[in-house]
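The values are calculated or read from the model by the stated rules, or taken from the named source; none is laboratory data. Just so it is clear, the structure is predicted and the values come from calculations on it, not from any experiment. Using ideal geometry, Cβ is built from the backbone for each residue, glycine included, and neighbour counts are taken over all protein chains shown. These accessible areas exclude ligands, DNA and RNA; they are computed on the full protein's heavy atoms, side chains included. Shrake-Rupley method; radii C 1.70, N 1.55, O 1.52, S 1.80 Å.
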Amino acid sequence: MQWSRLLWAFFGQMAPYSLHLGATAMTYSKTLTPTCRGNPCDLCGDITGKCRKADNLNLCMTLSGQIEGYRYLGQSKDGLWGKYVLDDGQDLSQEERERRWQEQRILREQRAQAEAQHHAQSLPATERDQHYRQLLDQLTLHPADRADLHRRGLTDEQIKAWGVKSVEQWQSLSGELPHTLSGIGLDGQSLITPRPGYLCPIVDADDLIVGFQVRARTAEGGRYYWLTGKTKKRPHGPTPHLPNGELPLSVHRPEQTTRDAIALVEGTGAKPHLLAHRLGQITIGAAGGLFAASPETLKASLAQLGTNSIEFYPDTGAIQNKSVLRQYRATWKLLKDWGYTITVAWWKQTDKRIHADIDELEDLSQIQYLSVAEFERIAAQCNGLLHKLQQVLSKITRPSSPAQGFAPPNEQQTQIPNPRGTKRTSSDDECLATQPTTSRRAKRARRRTARLLAAHRRHGYISKLRLENYRRRIRRHTSRATHARGSSLQSRSGDNRTLDPTTPLVQEYQPGQRLQTWETLISSGFPYILDQSQPGTGKSYDSGNVTPIGFGMEQVIYLSDQHRNPTVSTLDRGNYWMSTP
């Protein structure tokens, strides 16, 4: 049976706000203050906390580009914020800029040399392996941790072969180990483990244990953390970095190899280990998927393992995360430069709430292996849809006659009174500010939102608004308007047009249920729907059968580059579809 698919993508994600200004790396994680009602954004007026302020620096998630009165410094490294400082009118001379740039260059070189000397003093892989195996001999596996590994799908034999052991908070040791080993306390008889969990051994291409990540038993503070000797009281303690200054990569080998290509996947814990055994291929994992942060180690490992083909397994939901995609692209660029062939595993893993990660996927036959270009096209569709729709919809002017667009002329639909007596329909801002209300608080909220939208539109930044915040702000303080003119478009009982956060972003429906599914989802609060049904399944035909009354709307507008030559009978002018300018 042919199934059809709908895809929604409008949830944004935030990332740590580490910034790079010009040639100077500056971190404001402790001084940046989120916007709020008492501290609104000076640029866009945001009060929801998505913008940041720090002294003279403003980070605006809504705006970008030059703004009068401010100096635009470009976007933050993660691409989430535009960086602005007040323009005092005093531009630096070219000589002053050159002098500052030289000072920063010298400072970066000095710091890089100091870090290189520090990492060069770390223990080599053979010594680490010897001491870490002695450490594992002193530990056991907690029943709760064993149960978690069983839940993930590992057998007792696989757990034993991997060498997983449990640690408690500030785990004590029965035998002394060198304090120069990452994760060992200064007394040599304890581990620096602030939270209990189990050790995930990181094995390199030579089957040597070169480090550990700890999977904590609780998610508070992050599920995984490195076993390291560097702390606030011990800032120069040994870290898990290799002598070349890079973090180690974990190499997992299956019991029997059935695939020649090497798999790359995020993480150093159970995920790459399970992938290796389930698919029968050697797997390399990187903490956070940061393969590009360890280029020397990655290149040496691939050369030693011997392959020309790489299969990359993206995390579920990563296709909607710009920061994660940026990391993937950096890795792919390195691999292409080294001459490797890359394919990307795809099992339609767009949403973490309804799709499984590779270590949880039950039916491995779902996996398709795409080229990087094919994966990029899918990512562009997911991430570019809403932005394009907002641009298109912001340019549409509602026609004054109900016969334009889509509305049967026999339907008695009275127009909203136009106090100015013009043919122009009021903008969204005006409609929002003039909607009937039941409380003064709601009126004030509508007026504030209307002013904010008007400011954005004047500067041409309306398309930059985050849809989730735009929709939430309006619907939080407004109720659906009911025309006092006795319109035939009545609000359905219990339908408040608010989105249920548990509603999945991807849904499937059977043939014949398209219009019913569309109607249900629009009434649930979804403003945009992307129907990814296969060609020939009747999308255009069903679109022509959409009626404003059936969807609780005033009109329906069909956008097409072939609007004057419809290919289906339901979109013909005889069915009251009219061409609009």
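Annotations
- Pick from the range 187-199, criterion over 32 Å from the mean Cα position of the chain (by Cα) and open to solvent by 50 Å² or more (accessible area, probe 1.4 Å), ranking: nearest to residue 162 (Cα to Cα): 189
- Screening residue 211 against (1) part of a loop (DSSP other than H, G, I, E, B); (2) small (Gly, Ala, Ser); (3) out of contact with any helix residue (DSSP H, G or I) (no Cβ under 6 Å at 6 or more places or on another chain) leaves a single unmet condition, (1).
- Taking the range 297-340 as the range and being open to solvent by 10 Å² or more (accessible area, probe 1.4 Å) and of a type in the set (A, V, I, L, M) as the test, the residues that pass are 300, 303, 305, 324, 330, 334.
- Residue 154 vs. criteria crowded, with 18+ Cβ neighbours inside 10 Å, of a type outside the set (D, E, K, R) and over 30 Å from residue 362 (Cβ atoms): no
- A Cβ distance below 9 Å, combined with a sequence gap of six or more or placement on separate chains, defines the contacts here; from the range 333-359, residues that are within 15 Å of residue 303 (Cα to Cα) reach residues that are in a loop (DSSP other than H, G, I, E, B) and of a type in the set (A, V, I, L, M, F, W, C) in the pairs 341/261.
- Any hit, the range 63-71, residues being small (Gly, Ala, Ser), in contact with a strand residue (DSSP E or B) (Cβ under 7 Å, 6 or more places away or on another chain), crowded, with 17+ Cβ neighbours inside 10 Å and touching a residue at least 60 places away in the same chain (Cβ under 8 Å): yes
- Whichever residue in the range 172-186 is of a type in the set (Gly, Ala, Ser) and more than 15 Å from residue 198 (Cα to Cα) and, among such residues, is surrounded by the most Cβ atoms within 10 Å (Cβ to Cβ): 182
- Residues considered: 208, 302, 298. Of these, the only one that is over 30 Å from residue 506 (Cβ atoms), over 22 Å from the mean Cα position of the chain (by Cα), at pLDDT 95 or above and assigned by the TED database to the domain that holds residue 137 is 208.
- For beta carbons closer than 6 Å, sequence separation of 6+ or different chains, a first residue in the range 102-124 that is open to solvent by 60 Å² or more (accessible area, probe 1.4 Å) and a second that is part of a loop (DSSP other than H, G, I, E, B), the qualifying pairs are 120/243.
- Residues that are at pLDDT 70 or above, assigned to a loop (DSSP other than H, G, I, E, B) and over 28 Å from residue 377 (Cα atoms) occur at least once in the range 520-539.
- Screening the candidates 331, 283, 258, 231 for the property of being touching a Pro at 6+ places or on another chain (Cβ under 8 Å) and either closer than 18 Å to residue 371 by Cα or of a type in the set (S, T, N, Q) (or both) yields one hit, 283.
- The residues listed here are 169, 134; of these, the one that is out of contact with any Cys (no Cβ under 8 Å at 6 or more places or on another chain), assigned by the TED database to the domain that holds residue 229 and open to solvent by less than 80 Å² (accessible area, probe 1.4 Å) is 134.
- Members of the range 273-324 that are assigned to a strand (DSSP E or B), of a type in the set (A, V, I, L, M) and under 13 Å from residue 250 (Cα atoms): 284, 286
- Any hit, the range 22-29, residues being over 30 Å from residue 521 (Cα atoms) and modelled with pLDDT of 80 or more: no
- Subset of the range 72-99 [in contact (Cβ under 8 Å) with a residue 40 or more places away in the chain and among the charged types (D, E, K, R)]: 77, 78, 83
- Residue tally, condition in contact with a Ser or Thr (Cβ under 8 Å, 6 or more places away or on another chain) and open to solvent by 10 Å² or more (accessible area, probe 1.4 Å), over the range 206-215: 2
- Restricting attention to the range 550-569, the residues being assigned to a helix (DSSP H, G or I) and either within 24 Å of residue 508 (Cβ to Cβ) or modelled with pLDDT under 75 (or both) number 2.
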